[in-house]
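A short reminder: the numbers here are calculations on the coordinates, not readings from a lab. Nothing here was measured: the structure is a model prediction, and the numbers come from that model. Here Cβ is always computed from backbone atoms with ideal geometry, including for glycine, and neighbour counts include all displayed protein chains.
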Amino acid sequence: MARDLGFPIYVVSGGKGIAGHTMVHSLIIQYPDSKLPVRVVPDVQSVERIEEVVQMVKQEGGILCHTMVNATLRHNLIRVCEENEVYHVDFMGQLADFLENRLGIQSVNVPGLYRRINSQYFDRIEAMEFTLNHDDGLNHQRLEKAEIVLTGVSRSGKTPLSIYMSMFGWKVANVPLVKGIDPPEELGRVDPGRVFGLSISPSHLIAQRAKRLEQMGKHENSVYVDRNKVYDELRYARFIFEKHGFTIINVTNKPIETTANEIIGIISDRYGHKTS
């Protein structure tokens, strides 16, 4: 059982803190029996903010790790930590000082430069994380943050399509429609131009569901594959699509790539292409 050691580890950065957060977690994962909270403090770019952060860490009895690439801010942070007796770990200073003093090269002192140069990669990772966190109706309270929302009945292909589009940097959420259960209110408040209702033929849907049941080792589930029930579900889904003015996309026998290209094309025409 993990022990809660109480004090937090603060990762302080002039940028977003991604590098420091990764370094801290790559270490504390080696101590699975100890529960250590890690809190990122990004965009620390003034002496005033440094003093605020150090006081916060001191009050909570935490330790401070930092990845400050701006030499002036880094030296100020170290000074304030030492004045307040806050234990600190400098991830960048020694190497930066070596590069500048021994090799005679100068830093451009731009926080977040790595993130900016590699923005396309990080945007894709962020989009994939968002999509996984908003799969199958999860976190529907934040649907408005999605760039694309998919909705439809069970086994209409929402999840694989969502994940595929997220690999191109799109933040995708998907919401299941179940007859007899009202969809979340947030679905009706999303810009309908960003919502796509997945339409599928009854026979294809039944085949997909039967295959899923077989994979799960369940050979009988009359409600799930009953033709009349399936027709009712699809009628209900189309009612929701039309009620809210969602764009209807027929996915019957279409490869994921084809459907994704169709949806991305529509979204790009309506709201502009991805810039990254």
Requested in this report: Multiply the residue gap between Ile125 and Val40 by 0.36 nm, knock off their C-alpha separation, and tell me the result in nm, one decimal place.
Outcome: 28.8 nm
Requested in this report: Could you work out the equivalent-ellipsoid semi-axes for the chain, taking the square root of 5 times each eigenvalue of the Cα gyration tensor, largest first, in whole Å?
Outcome: 49, 22, 17
Query raised in the report: Hey, what did segment 43-86 get for relative contact order, percent, Cα under 8 Å, at least 6 apart?
Result: 54 percent
Report task. Could you pull out every one of the lysines with an alpha carbon less than 21 Å from that of Lys218, ignoring same-chain neighbours closer than 8 positions? Result -> Lys229
Report task. Calculate the spin-label point distance for Ile248 paired with Glu52, positioning each point 7 Å from the Cα along the beta-carbon direction, and give it in nanometres. Result -> 5.2 nm
Report summary line: Which residues qualify? For Ile248, with a placed amide H closer than 5 Å and at least 5 residues away or on another chain, they are Gly197
Query raised in the report: If you place +1 on the Cβ of every Lys and Arg, -1 on the Cβ of every Asp and Glu, and leave all else neutral, what size is the dipole of segment 142-200 about its Cα centre, to the nearest 20 Debye?
Result: 180 debye
Query - Anchor Lys58: aspartates and glutamates whose Cα lies under 14 Å away (excluding residues fewer than 8 positions away in-chain) - result: Glu82, Glu83, Glu85
Query raised in the report: Any idea what the dipole of the chain comes to, in debye rounded to 20, about its Cα centre with Lys/Arg Cβ at +1 and Asp/Glu Cβ at -1?
Result: 1020 debye
Query - Contact order relative to length of the chain, as percent, for alpha carbon pairs under 8 angstrom and 6 or more apart - result: 14 percent
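Order of 46-53, 10-17, 76-83 by packing, highest average Cβ count within 10 Å first?
10-17, 76-83, 46-53
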Report task. At a Cα cut-off below 29 Å, give the lysines reachable from Lys145, other chains included and same-chain residues fewer than 8 away excluded. Result -> Lys16, Lys158, Lys171, Lys179, Lys243, Lys254, Lys274
Query raised in the report: What does the convex hull of the Cα atoms of segment 116-246 come to per residue, in Å³, rounded to a whole number?
Result: 110 Å³
**Report entry** Sorted peptide list for 156-162, 55-61, criterion being average Cβ within 10 angstrom, highest first
**Finding:** 156-162, 55-61
Query - Loop-located GluC sites (Glu not before Pro) in segment 143-241 whose Cβ has at most 11 other Cβ within 10 Å (DSSP) - result: Glu220
Report summary line: Rounded to the nearest Å, the spacing of the alpha-carbon centers of segment 160-219 and segment 229-253 is 10 Å
Requested in this report: Report the residue, chosen from Tyr121, Tyr231, Tyr164, that carries the largest GNM mean-square fluctuation when the chain is represented by alpha-carbon nodes joined by springs under 10 Å.
Outcome: Tyr231
Requested in this report: Name the residues whose placed amide hydrogens come within less than 5 Å of the amide hydrogen of Val69, ignoring near sequence neighbours (fewer than 5 apart) on the same chain.
Outcome: Gly14
Query - Percent RCO, i.e. relative contact order, over segment 180-276, from Cα pairs under 8 Å lying at least 6 residues apart - result: 40 percent
